[in-house]
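The values are calculated or read from the model by the stated rules, or taken from the named source; none is laboratory data. Predicted model, so just to flag it, every value in this text is computed and none were measured. Methodologically, a virtual Cβ is constructed for each residue, glycine included, from the backbone with ideal geometry; neighbour enumeration extends over all protein chains shown. Please note that ligands, DNA and RNA were not included when accessible areas were found on the heavy atoms of the full protein model with its side chains. Shrake-Rupley method; radii C 1.70, N 1.55, O 1.52, S 1.80 Å.
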Amino acid sequence: MTVQPRPSILSIEPYIGGESKIPGVNRIIKLSSNEGAFGPPPSAIAAIQGMAAEAHRYPDGSATALREAIGKAFKLDPARIVTGNGSDEILTMLILAYAGEGTEVVMSAHGFAMYDLVGRWAGSRVIKVPEKNLTTDVDGMIAACGPRTTMVFLANPNNPTGSLLSNEEMVRLRQGLRKDIMLVLDSAYAEYCTAPGYDAGDKLVDANPDNTVMTRTFSKIFGLGGMRVGWAYASPKIIDVLNRVRGPFNVNAAGMAAAIGALSEQGWIEKNVAHNSAERERMSEALSKAGFKIWPSHCNFFLCDFGSVERAKAADAALRSRGLIVRAMGGYGLGHTLRITVGTQEENQMVIDALTAFAANG
Ligand SMILES: Cc1ncc(COP(=O)(O)O)c(C=O)c1O
């Protein structure tokens, strides 16, 4: 006899993050975790340095200053915001609070891996709905919900596919779900999305406060993945539930200072969006010209399609031989593609050169 976890835990495939090392290669270009092309905003760096001497103090458990800064930046009521140790923690808290043994959680086939991981941890059955053209199928998601479904997860735009559902489709999804099913709209890449009329989710939450939540992060456009700060916008009732389950000091002091600093950096979002849109376009054009299919993306990454798993692996090896690390997609059932993060102009050119040479060599 020995200690045993609940059986569903052993069905979880441990999350594999983007790699950051290649043995024997000195200069590594990491384009595997969508971390942002420009590093952290200078005001965030200064804020982290500025709080170092106060590191012995516990942080403000209710993250008041951070919630107020988020509220001001995004024109939201700070009382309807809860912050977390990355949005991963918020997603985790939501699932552990609203799903569990005897329930079902619905996500799209190529949705973000955490929904599956934590859904299984909670003991829920996780249902993955086939996509159409690597895009969430709204009718399929609605049809997949049964009497035991308590939550539906959707990243919009989605990681790893980069695809986007229109506002009309999002509204249609919400209207097609029973009122007692929570829709979690994961908007980790919202700031990068330039689609006309795009709603990151706050309008959908305002229209459906009883059962809709938006999650956001400082890990992507704000370049603070290492600080672990995310947040959710929801009704006071749902915020109250999250405040009951979260750790009392779940966001650390350096993370809070960094996030507040990042929000104060003038022009940061505009600079990043302009760079990202232009570079994603430039890379897509060059790689299409080299003969690869590039899936349209609304994020700071895109999927490059090599047509077969073998060819994607060979392309990955060719990139690695030049120190370029991108993300293999086997874990997402998309092994014939590689997910490439948009980096600096120089880094992106290295990817273009490497894959153009790869294509030329057959
Ligand atoms: C769609 C999506 N949601 C959530 C996250 C989690 O971000 P974090 O926990 O760093 O806020 C990521 C990170 O890759 C993501 O791609």
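Within the stretch 201-256, being of a type in the set (A, V, I, L, M) and either within 16 Å of the ligand (Cβ to nearest atom) or assigned to a loop (DSSP other than H, G, I, E, B) (or both) holds for 213, 214, 221, 224, 227, 229, 232, 234, 242, 251, 254, 256. None of 301, 292, 306 is open to solvent by less than 20 Å² (accessible area, probe 1.4 Å) and either of a type in the set (Lys, Arg) or within 18 Å of the chain's Cα centre (by Cα) (or both) except 301.
The combined condition, being over 17 Å from residue 9 (Cβ atoms) and crowded, with 24+ Cβ neighbours inside 10 Å, is not fulfilled by residue 71. Every condition in (1) within 20 Å of the chain's Cα centre (by Cα); (2) open to solvent by less than 30 Å² (accessible area, probe 1.4 Å) is met by residue 135 except one, and the failing one is (2). Counting the residues of the stretch 127-150 that are closer than 13 Å to residue 173 by Cβ, within 16 Å of the ligand (Cβ to nearest atom) and part of a strand (DSSP E or B) gives 1. Restricting attention to the stretch 207-237, the residues that are under 18 Å from residue 152 (Cα atoms) and free of Cβ contacts under 8 Å to residues at least 40 places away in the same chain total 7. Scanning the stretch 177-192 for residues that are away from the ligand (no atom under 12 Å from the Cβ) and crowded, with 16+ Cβ neighbours inside 10 Å turns up 177, 181, 182, 183, 191. If the condition is being crowded, with 24+ Cβ neighbours inside 10 Å and either farther than 13 Å from residue 185 by Cα or out of contact with any helix residue (DSSP H, G or I) (no Cβ under 9 Å at 6 or more places or on another chain) (or both), then the stretch 197-226 contributes 218, 220, 221, 222, 224.
Just one residue in the set 327, 282, 311 is open to solvent by 10 Å² or more (accessible area, probe 1.4 Å) and more than 24 Å from the chain's Cα centre (by Cα); that residue is 311. Filter the stretch 1-32 down to residues that are among the β-branched types (Val, Ile, Thr) and either in a helix (DSSP H, G or I) or without any contact (Cβ under 8 Å) to a residue 12 or more places away in the chain (or both), then give me how many there are. Of the residues in that region, 3 qualify. If you filter the stretch 37-61 down to residues that are small (Gly, Ala, Ser), in a helix (DSSP H, G or I) and out of contact with any Ser or Thr (no Cβ under 7 Å at 6 or more places or on another chain), you find that the one that is most open to solvent (accessible area, probe 1.4 Å) is 53.
Scanning the stretch 11-36 for residues that are exposed (fewer than 13 other Cβ atoms within 10 Å of the Cβ) and either modelled with pLDDT of 90 or more or on the phi > 0 side of the Ramachandran plot (or both) turns up just one, 24.
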